[in-house]
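Here the structure is laid out as structure tokens; the discussion comes afterwards.
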Amino acid sequence: MASVLSSEAQKMVKDEIFQKILSEKENLPTVSMLDFAGQLAYYACHQIYVTPKAFFILVLDMTKKFEDVVDREKDNQEGSIFSVWTYKDYLKFWITSIKTFGGSKAPLFIIVTHTEGTSAEEIEKYFEDFWNAVPDEDRDWLSESLNDRDYAVGLVELNDETKTKLESIKKSIVELFTEETNTKIQIPSSWALMEQLLYEGGWKVLSLDEIRRLNSSLPDEYQIKNDEEMSSFLKCFHDNGILLYFQDEKLREHAVLDIQWFAKAFSKIIADKNHINRDCKTRLIKEWKSFNKTGELKDKVVNALWKEEPLYLKHKSEIMSYMEKLQMLVPLESSGAVSEGDMSWYVPCMNKKQFLANFCEDKWECSSILCYRFTSFAMFVFYRLVAYCMGFLRWNVSTDEDHEGSLCLYQTAAVFDHNEHTVVVGICNDDIQLQVLRIRPLAIYKEVTNEIGDSIQNAIKKLTETFIGTNIFHKGFKCQNIICNEKDISFSLESELSKIKAEETQCKCQLQKKHVINIQRTLGFWEKRKLGDSSSQMASAQGLEGRSRFAKLGMATNDVLNKAYRDILESEIPPCYIENKVNTLSTKKRGDLKLNPDQENLLKKANISGYKDFDISLTYKMIRNICSTIPKPTKGMWGKEPAAVDITVGDDIERIRLIRNSLTAHVSSASTSQSEFDDTWSVMSDICQRLETFTGKTYLDDLKYIQKLTIKEEDEKAIIEKVKMESDSEMLKSMMSDIKEIKSAVLQPKNMDPT
């Protein structure tokens, strides 16, 4: 192989590539285009090449109506979660895919096909239906991403009109790459030469040694200089979706050079019954049907599916290793030595086995249900999470003795045995759920649930690290003890439960009689605290780390969020006008403000000092009662807690108030757990990002500075003391205001009856 490769490389350099590149008068860009396979399960591998350094072409069939349900037999969807999806659902899915993996600034083309025999009015009506099908929250960015790059073509006959439209599309792509910087990659000339060598060679997979030999065939001045630079070259092209290369011990000796070829290998594995070859339809029909139902893939089925593609079989070991790395599949463990022909894998996206709702019967002692609510792609994260638990975490899959020892792997759940506990990882709608069980009378050890919870959270963060945007998921809990129960629509945010001082709180669940949630029990399984601890304080992290986190939240609230508050107020009312604005209020509205003497003095000083001394409480009162042009909360009323999807300026104003109130409520312990800190900081970051757009000021930089700051102990005490003083002061002012109202009511003379 080495001698043939070397001679081929030399010939390419002399006759084609080297002279071609060096003789170019202009540094012309190249465009790599990839075609997505149609199978639904194939969407699990979007992570491979949907990157911000890309543009996207969304192709729509005009003969399909958006409200129609897609043919259930198409693309192996029958029996899957997609069986009730309409074309509108798929449109939303693809739009979300582009926004999540490519970013909100990803350039986009819309091409409508099958226009033969249709009028201009019918095409216009289709585009109208298209925009009606686009979710409201995506319409603005989609319009910006499209930038009028929408086309309608008929491709049955390649007539002059079609040719003209295709040329227009090509021209638009050229213009995009001439103007857009988002899709360009700046690389050294030696890297460009090596890329061209690899591309022109037509190789699918090469070892690192083979790539080194190709590099050494170049003149010295055009070689990649060392292994470190070679690694950087491969990583750069991997990060931009051009090839696959990981530095893991099992993978770093090979690179997959053709991603489309690699993805096609996966599409052949997950092919539906209409696209498998003769071997799988005849002699291996039982094995293939079993795989199509359970996701358990035998080696001989892989060989049959790839029979017509010798290169897949030649590089099977490398391909499977890369698919395992990307959590597209995972090897199934077997006792004893296993020969290559006896190997098998689990492909989560192919599993159609139903998970029984009565799995958690009375015999089980159950933990609370930890829940991660996703804004999108929960199912595909779940597929990868199951593979991650099996492969990376090495959790043992439970077996069902009532069904011939079959693996407890299902379409919507996976059951594991870990540290003498049973772990259920499941999905229901957009929620990835986690529950730990033990057969009674054995008790659940909180040390085990702590470790399991941390492992799952770390896994989810890792699996979503390529997602673009914020609020990818929210952490919370379900009130019932039945995991993957579609009737259980309850969901309580962890950050909200952690702030409640009482041991119990009313559940928001609407499907059963009113009942309470035991906060201790719900949170205790997943936090490092005693399950039987009667303390109602949820911020349980102790010592210097907990105090430091609390202090950072205090700094961020007082220095950053309060600054944003003041900027919002000043955007409508300059400080020199605020006192007069308050004085012109009616007696009733002025009374509703409930200003104390200190706040009255600050209003008078605002003409000179501005708003710099306004605290959150005073600024909130001004915004709520005086400002008229500031966007109101989504619910239309001030003082209400916004939902996670509510993101007006008014909603963020309420969030800042709630964060500040939560901080003062925890001042007695002055300590914050890592999980609560992470959740609160994430909310703060989202708020700052949105308010920067509204005010034109910067807040995120200050927030990031505080997050990285190492706070001295004396500074921590000063910050905590300031929060405590604000808490005490606010309580005292509230008490004095209430006393004043009571005295006024008591001393008010009664109206005398004239009779």
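In the stretch 133-291, inverting the average of 1/r over every pair of distinct C-alpha atoms gives 20.2 Å as the Kirkwood radius.
In loop segments of the stretch 186-288 as defined by DSSP, the GluC sites (Glu not before Pro) with at most 13 further C-beta atoms inside 10 Å of their C-beta are E249, E253. Using a cutoff of 8 angstrom between alpha carbon atoms and counting only pairs six or more residues apart, the relative contact order for the stretch 400-471 works out to 16 percent.
What a 1.4 Å probe finds exposed on the stretch 683-725 is 52% carbon and sulfur by accessible area, rounded to a whole percent. Based on protein heavy atoms only, the stretch 188-234 ends up with 45 Å² per residue of surface accessible to a 1.4 Å probe. Kirkwood radius, the stretch 597-709, all distinct C-alpha pairs, inverse of mean reciprocal distance: 15.7 Å. For the residue pairs K446/K640; K501/K604; K99/K462; K105/K273, the alpha carbons lie more than 28 Å apart in K446/K640; K501/K604; K105/K273. Suppose a student asked you for the relative contact order of the stretch 135-256, using Cα pairs under 8 Å spaced at least 6 residues apart; what percent would you report? It comes to 19 percent, rounded to a whole number. For the stretch 383-462, the fraction of 1.4 Å probe accessible surface lying on carbon and sulfur atoms is 47 percent. For the stretch 368-473, the set of GluC sites (Glu not before Pro) satisfying both a DSSP loop assignment and a count of at most 16 other C-beta atoms within 10 Å is given as E404, E420, E465.
Working from label points 7 Å from Cα in the Cα-to-Cβ sense, the V516 to I608 distance is 5.4 nm. All alpha carbon pair distances within the stretch 399-494 were sorted into 10 Å bins beginning at 0; the resulting P(r) in whole percents reads 13, 42, 36, 8, 1. Taken over the Cα atoms of the stretch 577-634, the convex hull encloses 96 Å³ per residue. Calculated on the Cα set of the stretch 247-289, radius of gyration then Dmax: 14.8, 41 Å. Evaluated at q = 0.20 Å⁻¹, the base-10 log of the normalised Debye intensity for the stretch 353-447, with identical point scatterers placed on the Cα atoms, takes the values -1.07. Could you work out how far the C-alpha centroid of the stretch 233-303 sits from that of the stretch 126-157, in angstrom? Taking the Cα centre of the stretch 126-157 as reference, the centre of the stretch 233-303 is 33 Å away. Sparse packing (at most 13 other Cβ atoms within 10 Å of the Cβ) combined with a DSSP loop state is found for the following trypsin sites (Lys or Arg not before Pro) in the stretch 192-276: K225, K250, R252. For the stretch 99-177, the orientation-averaged shadow of the C-alpha convex hull comes to 6.0 nm² (one quarter of the hull surface).
The values are calculated or read from the model by the stated rules, or taken from the named source; none is laboratory data. This structure is a prediction, so every number in the text was calculated from the model and none was measured. Ideal geometry is used to build each Cβ from the backbone, glycine not excepted, and the neighbour counts take in all protein chains shown. In case anyone asks, the SASA skips ligands and DNA or RNA and just uses the protein heavy atoms, side chains included. Shrake-Rupley method; radii C 1.70, N 1.55, O 1.52, S 1.80 Å.
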